[in-house]
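The values are calculated or read from the model by the stated rules, or taken from the named source; none is laboratory data. Given the structure is predicted, the values throughout are model-derived calculations rather than measurements. Glycine gets a Cβ as well: all are built from the backbone with ideal geometry, and neighbour counts include every protein chain shown.
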Amino acid sequence: MGKILVVDDQFGVRRLLFETFKEDHHEVKMAANGAEALQLLITFEPDLILMDMKMPGMNGIEALGQIRALNNQVDVIMMTAYGDTQNMEQAKELGILYYMGKPFDLFELRDRVREILKGA
């Protein structure tokens, strides 16, 4: 299966996604912010990143920009409770695969992840 990095400042969301994808037999790591995500990008080398848009310090767009500077190939799904069209456009320009609103449908997210990691 695939390697998934979950990046969200909300512990409950991180834990839910960790447990869900672990149950689906993926290798999963968690990061509470963009800085942690960048460290894990190098050491863990994920196939897919599930990242929150709104985080303290480095937001999702800033983190994504730095992720792309280090790895232009990793797949990214951006998640947010805020439908900010400017941020959505920036995220698309930085090559995200999907943009999911919060609260998200866990079954839909699982389907998307399964789709993306089919080849991994």
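The set of residues in segment 41-55 being crowded, with 18+ Cβ neighbours inside 10 Å and either on the phi > 0 side of the Ramachandran plot or out of contact with any Phe, Trp or Tyr (no Cβ under 7 Å at 6 or more places or on another chain) (or both) consists of 41, 46, 47, 48, 49, 50, 51, 52, 55. Just one of the numbered conditions (1) over 18 Å from residue 106 (Cα atoms); (2) over 12 Å from the mean Cα position of the chain (by Cα) is not true of residue 32; which one? Residue 32 satisfies all of (1) over 18 Å from residue 106 (Cα atoms); (2) over 12 Å from the mean Cα position of the chain (by Cα) except (2). Of all the criteria given as (1) touching a Ser or Thr at 6+ places or on another chain (Cβ under 6 Å); (2) within 17 Å of residue 114 (Cβ to Cβ), the one not satisfied by residue 53 is (2).
Between 47, 52, 8, the distinction of being closer than 25 Å to residue 84 by Cα and in contact with a Gly (Cβ under 9 Å, 6 or more places away or on another chain) belongs to 52 only.
Does any residue of segment 56-72 turn out to be in contact (Cβ under 8 Å) with a residue 12 or more places away in the chain, buried (at least 17 other Cβ atoms within 10 Å of the Cβ), touching an Asp or Glu at 6+ places or on another chain (Cβ under 7 Å) and at negative phi? The answer is yes; a qualifying residue exists. Of the residues making up segment 95-120, just one is assigned to a loop (DSSP other than H, G, I, E, B), exposed (fewer than 12 other Cβ atoms within 10 Å of the Cβ) and either modelled with pLDDT under 85 or in contact with a strand residue (DSSP E or B) (Cβ under 9 Å, 6 or more places away or on another chain) (or both), namely 119. Identify, please: which residue in segment 24-38 is in contact with a strand residue (DSSP E or B) (Cβ under 8 Å, 6 or more places away or on another chain), part of a helix (DSSP H, G or I) and not charged (D, E, K, R) and is, among those, surrounded by the most Cβ atoms within 10 Å (Cβ to Cβ)? The residue in question is 37.
Regarding segment 41-48, can at least one residue be identified that is among the aliphatic types (A, V, I, L, M) and in a helix (DSSP H, G or I)? Within segment 41-48, one or more residues are among the aliphatic types (A, V, I, L, M) and in a helix (DSSP H, G or I).
Filter segment 60-94 for residues that are under 20 Å from residue 39 (Cα atoms), over 12 Å from the mean Cα position of the chain (by Cα) and assigned to a loop (DSSP other than H, G, I, E, B) and give the result. 71, 72, 73, 94 - these are the residues of segment 60-94 that are under 20 Å from residue 39 (Cα atoms), over 12 Å from the mean Cα position of the chain (by Cα) and assigned to a loop (DSSP other than H, G, I, E, B). The condition of being in contact with a strand residue (DSSP E or B) (Cβ under 8 Å, 6 or more places away or on another chain), of a type in the set (S, T, N, Q) and on the phi < 0 side of the Ramachandran plot holds for only one of 85, 80, that being 80.
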